């Protein structure tokens with residue numbers, strides 16, 4: 001069996017807000033979208049940055065979204081963490097600060113990984129990490 005790559009799919013509340021975060025702040029580019037709507041009102045988007053793929057899908061079809069996220073749905077997002085290999089976590093931290101995000105300084109975990117955590121607009125956790133000695137994690 002040959003398996004190559006993996007592309008997580010996250011359900012998002014507000015696609016426009018998520019695209020701003022993932023594209024404008026994190027540097028992802030749109031690879032493909034659904035064809036039934038126009039930017040930023042897509043229901044599904046495939047994103048890529050380098051060799052990292054991510055798909056976003058709206059939790060509600062366009063026009064049927066409630067005025068606010070459902071707390072029970074958002075609470076389960078805390079169970080999901082996307083880990084990104086980042087050879088210079090301090091540079092990621094500096095870049096995010098320069099873009100106006102409030103993030104805590106990177107910390108070294110007991111198992112030797114230097115990590116920077118931040119939530120996306122839907123409460124999914126993102127972790128940028130490298131080995132504490134500075135070598136890239138893959």
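Structural remarks
- Segment 54-94, residues that are closer than 20 Å to residue 132 by Cβ and free of Cβ contacts under 8 Å to residues at least 40 places away in the same chain: 90, 91, 92, 93, 94
- When every residue of segment 112-129 is checked against the conditions, at least one turns out to be in a loop (DSSP other than H, G, I, E, B) and loosely packed, with under 15 Cβ neighbours inside 10 Å.
- Residue match in segment 67-80 (condition: outside the structural domain of residue 23 (by TED's automatic domain parsing), in a loop (DSSP other than H, G, I, E, B) and in contact with a helix residue (DSSP H, G or I) (Cβ under 8 Å, 6 or more places away or on another chain)): no
- Checked against (1) out of contact with any strand residue (DSSP E or B) (no Cβ under 9 Å at 6 or more places or on another chain); (2) on the phi < 0 side of the Ramachandran plot, residue 100 passes all but a single condition, namely (2).
- Residues in segment 110-123 that are closer than 16 Å to residue 81 by Cβ and either outside the structural domain of residue 91 (by TED's automatic domain parsing) or free of Cβ contacts under 8 Å to residues at least 12 places away in the same chain (or both): 111, 119.
- Scanning segment 1-59 for residues that are surrounded by fewer than 16 Cβ atoms within 10 Å (Cβ to Cβ), farther than 25 Å from residue 85 by Cα and in contact with a strand residue (DSSP E or B) (Cβ under 8 Å, 6 or more places away or on another chain) yields 34, 39.
- Residue 53 meets the stated requirement of being under 23 Å from residue 29 (Cα atoms) and not in a loop (DSSP other than H, G, I, E, B).
The values are calculated or read from the model by the stated rules, or taken from the named source; none is laboratory data. Please read these numbers as outputs of a predicted model, since none were measured by experiment. Methodologically, a virtual Cβ is constructed for each residue, glycine included, from the backbone with ideal geometry; neighbour enumeration extends over all protein chains shown.
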